[in-house]
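Down below is the structure, laid out as structure tokens.
The values are calculated or read from the model by the stated rules, or taken from the named source; none is laboratory data. Worth saying up front: this structure is predicted, and the values here are computed from it rather than measured. Because the Cβ atoms are built from the backbone with ideal geometry, glycine has one as well, and the counts that use them run over all protein chains shown.
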Amino acid sequence: MNLNLRHAIIQNVSGNSQDELKDTIVDAIQNGEEKMLPGLGVLFEVIWQSASPQDQQEMLEMLENGLKNK
């Protein structure tokens with residue numbers, strides 16, 4: 001992914017409230033449009049990078065369990 005795209009996505013949501021961030025995520029998931037996937041990926045990258053190792057492990061467990069249910 002182009003670093004300019006990462007930067008643009010981060011700039012686009014920087015300063016958003018939790019409600020606005022949630023709306024962005026829910027809208028991207030509900031739309032199901034492929035073009036939204038890079039944005040969700042960037043948001044996940046931000047979460048992952050700021051998470052503790054324990055939080056990262058918890059996310060991996062949730063992901064693993066979620067994939068088992070698909």
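Scan the range 13-36 and report the pairs whose first residue is free of Cβ contacts under 8 Å to residues at least 24 places away in the same chain and whose second residue is assigned to a helix (DSSP H, G or I) and among the polar types (S, T, N, Q), with Cβ atoms within less than 9 Å and a gap of 6+ or a chain change.
Once the first residue is free of Cβ contacts under 8 Å to residues at least 24 places away in the same chain and sits in the range 13-36, its partners that are assigned to a helix (DSSP H, G or I) and among the polar types (S, T, N, Q) give Asn16/Thr24; Thr24/Asn12.
For the range 13-20, state whether one or more residues are within 12 Å of the chain's Cα centre (by Cα), of a type outside the set (Gly, Ala, Ser) and at pLDDT 95 or above.
Yes, the range 13-20 contains at least one residue that is within 12 Å of the chain's Cα centre (by Cα), of a type outside the set (Gly, Ala, Ser) and at pLDDT 95 or above.
So for the range 36-47 (the condition being farther than 19 Å from Asn12 by Cα and either assigned to a helix (DSSP H, G or I) or charged (D, E, K, R) (or both)), does at least one residue qualify?
No, the range 36-47 contains no residue that is farther than 19 Å from Asn12 by Cα and either assigned to a helix (DSSP H, G or I) or charged (D, E, K, R) (or both).
Glu34 - would you say it is at pLDDT below 95 and not hydrophobic (A, V, I, L, M, F, W, C)?
So Glu34 passes the test.
Return the only residue of Ala28, Ala8 being small (Gly, Ala, Ser), under 13 Å from the mean Cα position of the chain (by Cα) and part of a helix (DSSP H, G or I).
That would be Ala28, the only listed residue that is small (Gly, Ala, Ser), under 13 Å from the mean Cα position of the chain (by Cα) and part of a helix (DSSP H, G or I).
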